[in-house]
Amino acid sequence: MYYGEIKDCDIANGTGVRVSLFVSGCTNHCKNCFQPQTWAFDYGSPFDESTENKLISLLDKSYICGLTVLGGEPFEPTNQKVLYPFLKKVKKLFPQKTIWMYSGFTYEELTDPNAYPYCDETIKILNLSDVLVDGRYDDDLKDISLSFRGSSNQRIIDLPETIKQNKVIIKEP
């Protein structure tokens, strides 16, 4: 897996001050995507052990509320295979910090065993995560007044409650 950017003090992609990882690779290709360069799976730098160590170090600050993973597309199957062990490590080291995941795929697609993004790691990643911002960016539904998302079709989902109640629970920012 490759990544395009790491932000060490992000307040735009989740609640509080966060560390954000922008992974590379996306097959959704949303019209007017704000980062089309991240569609390429080899954009940026390789995600390796030194990258993991850098992220762990950035997360190990009292004022950091958690990790946000976006892209590109974190739920591309090839990205999930790399992200799952890393997210598992993050949750073990920082159980009090939240994990926000962004995906152009909907929750329903991610949990459908017959859908493209579903793989062995998908449910495990969702179970480790606190929030999923889902849905493809839709330029016709662009709304700059929305918190943490770009178009009105996108949802901010409370994953622990969604999993517990077995229905999508929207989280209000």
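The values are calculated or read from the model by the stated rules, or taken from the named source; none is laboratory data. From a predicted model like this one, the values you see are computed outputs, not experimental measurements. We place every Cβ from the backbone using ideal geometry, glycine too, and count neighbours over all the protein chains shown.
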Review point. When residues of segment 65-86 are filtered for being in a helix (DSSP H, G or I) and surrounded by 22 or more Cβ atoms within 10 Å (Cβ to Cβ), how many remain?
Key: 3
Review point. Which one is farthest from G66 (Cα to Cα) among residues in segment 127-149 that are surrounded by 18 or more Cβ atoms within 10 Å (Cβ to Cβ) and of a type in the set (S, T, Y)?
Key: Y137
Practice item. Could you pull out the residue among T15, T27 that is surrounded by fewer than 17 Cβ atoms within 10 Å (Cβ to Cβ), among the hydroxyl-bearing types (S, T, Y) and not in a strand (DSSP E or B)? Key: T27
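To keep it simple, each residue is scored yes or no on (1) touching a residue at least 24 places away in the same chain (Cβ under 8 Å); (2) touching a Phe, Trp or Tyr at 6+ places or on another chain (Cβ under 7 Å); (3) assigned to a loop (DSSP other than H, G, I, E, B).
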position	(1), (2), (3)
C119	yes, no, yes
K124	yes, yes, no
N127	yes, no, no
L132	yes, yes, no
Y137	yes, no, yes
D140	no, no, no
I144	no, no, yes
F148	yes, no, yes
N153	no, no, yes
Point to revise | Of residues in segment 1-12 being assigned to a strand (DSSP E or B) and in contact (Cβ under 8 Å) with a residue 40 or more places away in the chain, the one farthest from D138 (Cα to Cα) | key: D8
Practice item. Of the numbered conditions (1) more than 24 Å from D140 (Cα to Cα); (2) modelled with pLDDT under 95; (3) of a type in the set (A, V, I, L, M, F, W, C), F41 fails exactly one; give the number of that condition. Key: (2)
